[in-house]
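Colleague: Can you read through this structure? Questions will come right after.
Rule-based calculations on the coordinates, nothing more; no lab input. This structure is a prediction, so every number in the text was calculated from the model and none was measured. Note that each Cβ is placed from the backbone with ideal geometry, even for glycine, and that neighbours are counted across all protein chains shown.
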Amino acid sequence: MIEFVAASGPRLMLDETSVLDIGGCIVEGADIAPKRAIPDDGDPRIDHSLEGFLFTCGPDHIRHRQPIPGRDDGKVYPLHGSASGHAAKVLWTKFENGNAECRADIDITTVEGLPQRIERLWRIDGATGEVRLEDRVVNTSDRTVPTFLMYHMNTGGKWLDEGTRLEGRMLENGGFPWTFGEEPGGIFCVAAPATEEGFAEVRLGPIAAIGGRTLRVRFRVDTLPHLQVWRNQKAPAHIIGIEPVSHRWISRDELEAAGEFNMLAPGESRSYALTFAFL
């Protein structure tokens, strides 16, 4: 793990063994990532990624396993796509004037054997403590392919309490307690309108265990037009996931039939951005 910290804001542990995703996220001395309080989905890549605070789903698939059309060898699109488990090539890390930056390339081979690349830039603003992630997904194969992306941001439920709420313009009545739905968990996916500068915003808080701070997440809606939220309190799991996502929650077949695939020709790219801060 690479310790990534600025003059203010969270202390992050970036996982160079898997996409340079966030393993630990330490706020007020507490690492709020779920660690082992997660469901076992039978995929060691995802078990590792889900323990962390943020992992990247895509670029070939984002949700549950689905058969690959035309294949008779039993291969499926893997849970949350092919990205997890691919090592990052860190190009540079800078700590200047209280700010932090880290730039990396992640070369991915999809389950279909196709090369794809994520060009990743992490920043922490030392003045505000806000973390910013910018990704450019490049189709480095010789085929035109659909591309998908979801950021799976995970907070351990043990850090939350009865006063913690989800709030955002995209949510019913503007928000509700984090323990939404029926026990032991639930999931929903909604369209996420922009609040300012082309970004949507959702908040989780206040969180008494980290000094009453609230997690504010903003994400770029031209390429991440939906917000998915998932929670699972079925032991040993104790987790909530805030998940900005490129596509609504239906099957690949339905997305394709509706003309909602985002296609990348060889050499083409698609960009995504997300920020978060603890206020």
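Colleague: How compact and how long is the stretch 178-279, expressed as Rg and Dmax of its alpha-carbon atoms in Å?
Modeller: Rg then Dmax for the stretch 178-279, in Å: 16.0, 48.
Colleague: Can you pull the percent of Cα pairs in the stretch 114-181 with separation above 15 Å?
Modeller: That tail contains 73 percent of the Cα-Cα pairs.
Colleague: Contour minus end-to-end for Glu183 and Asp253, with contour as 0.36 nm per residue of separation and end-to-end as the Cα-Cα distance?
Modeller: Taking 0.36 nm per residue and subtracting the Cα distance, the gain is 22.2 nm.
Colleague: Any idea what Rg and Dmax come out to for the stretch 103-233 if you just take the C-alpha atoms, in Å?
Modeller: According to the Cα coordinates of the stretch 103-233, Rg and Dmax are 17.3, 52 Å.
Colleague: Considering the dipole of the stretch 131-279 built from charges on the beta carbon (Lys and Arg +1, Asp and Glu -1) around the Cα centre, which of Tyr272, Gly205, Val190 is farthest to its positive end?
Modeller: Ranked along the dipole, the leading option is Gly205.
Colleague: Say each of Ala194 and Glu134 gets a label point 7 Å from the Cα, pointing the same way as Cα to Cβ; how far apart are those two points in nm?
Modeller: Going by the 7 Å Cα→Cβ label model, 1.6 nm.
Colleague: Further question: Kindly provide log₁₀ I(q)/I(0) values, in the same order as q = 0.09, 0.11, 0.15, 0.20 Å⁻¹, from the Debye equation applied to equal alpha-carbon scatterers of the stretch 1-152.
Modeller: Taken in order of the listed q values, log10 I(q)/I(0) reads -0.30, -0.45, -0.78, -1.24.
Colleague: While we're on this one: Identify which of Pro193, Pro177, Pro67 has the largest mean-square fluctuation in a Gaussian network model of the chain, with springs joining Cα atoms closer than 10 Å.
Modeller: The residue with the greatest mean-square fluctuation here is Pro67.
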